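Below is one structure; the comments refer to it alone.
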Amino acid sequence: MQLGKWAYDLAESLLAEDLPRRWAHSQRVYAQALTLVPSLGADAELLAAAAIAHDVGYARSAVDTGQHMIDGARYLRDVVGADPRLCSIVAFHTSSPWEASELGLEDALGEFGPAEPALVDAITYCDLTSSPVGELVDPIRRLSEVLERYGPEHVVFRAVSAAKPELLERVARVRERQAEAVAARLS
């Protein structure tokens, strides 16, 4: 996975030292992406690269708008010249559209559209099954942890609260695709 190795090294250089919890989380998101290889086919390497790099927007050198999904996608596009599809997956991961709406950043998010639904589902699944410290976690528990961490007055709380039903639908679609891929291999 050449693209995955490049993204891994980049994310490690931006997160490991200054943001070790983010780095641990990103490593688990990456590991989760690797479990989806059978159901993603040709896009598996792209997802793995996006998974490890999905939170680079938290790095000091990437912060621009304050919305880490957009900041990470812009960093990947403008600073390192990453593949536009990779940038799009990072830009649209998890609750990004809801958060962008809360912050008035719809146009900034639109720089990376349109989103690819199957890949956004996959990155969301990987993100929501990975705890902040890099452990596997149930998506409902993960969403509860995010809401508790940010509190009702924070934009992330409002965005995740609004997005929660759709986020859980994304997880369900990925699990369904995984089951179909397993069934196809066994038949």
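The values are calculated or read from the model by the stated rules, or taken from the named source; none is laboratory data. Just so we're clear, the structure is a prediction, and the values are computed from it rather than from any experiment. Here Cβ is always computed from backbone atoms with ideal geometry, including for glycine, and neighbour counts include all displayed protein chains. The protein model used for the area step is the full one, side chains on, heavy atoms only, and it has no ligands, DNA or RNA in it. Shrake-Rupley method; radii C 1.70, N 1.55, O 1.52, S 1.80 Å.
General remarks:
- Going through (1) of a type in the set (Gly, Ala, Ser); (2) at pLDDT below 95; (3) in a loop (DSSP other than H, G, I, E, B) one by one, Ala62 falls short only on (2).
- Single residue of Arg185, Arg142, Arg170 found to be open to solvent by 60 Å² or more (accessible area, probe 1.4 Å) and either among the basic types (Lys, Arg) or at pLDDT below 95 (or both): Arg185
- Qualifying positions in region 82-125 - under 14 Å from the mean Cα position of the chain (by Cα), among the small types (Gly, Ala, Ser) and within 16 Å of His68 (Cβ to Cβ): Ser88, Ala91, Ser95, Ser96
- Test for Ala24: is it modelled with pLDDT of 95 or more, more than 13 Å from the chain's Cα centre (by Cα) and within 30 Å of Val182 (Cβ to Cβ): yes
- Residues of region 9-18 classified as touching a Ser or Thr at 6+ places or on another chain (Cβ under 9 Å) and of a type outside the set (Gly, Ala, Ser), total: 3
- Top-ranked residue of region 51-81 - restricted to ones that are surrounded by fewer than 24 Cβ atoms within 10 Å (Cβ to Cβ) and among the aliphatic types (A, V, I, L, M), ranked as nearest to Leu19 (Cα to Cα): Ala59
- Identity of the residue in region 97-107, free of Cβ contacts under 8 Å to residues at least 60 places away in the same chain and either open to solvent by 10 Å² or more (accessible area, probe 1.4 Å) or hydroxyl-bearing (Ser, Thr, Tyr) (or both), that ends up farthest from Lys164 (Cα to Cα): Asp107
- Among the residues of region 112-139, those identified as in contact (Cβ under 8 Å) with a residue 40 or more places away in the chain and open to solvent by 80 Å² or more (accessible area, probe 1.4 Å) are Glu135, Leu136.
- Looking across region 149-170, the residues that are among the basic types (Lys, Arg) and either in contact with a His (Cβ under 9 Å, 6 or more places away or on another chain) or closer than 16 Å to Cys126 by Cα (or both) come down to Lys164, Arg170.
- Cβ pairs under 7 Å, 6+ apart, first in region 31-50 and outside any loop (DSSP other than H, G, I, E, B) and aromatic (Phe, Trp, Tyr), second open to solvent by less than 60 Å² (accessible area, probe 1.4 Å) and modelled with pLDDT under 95: none
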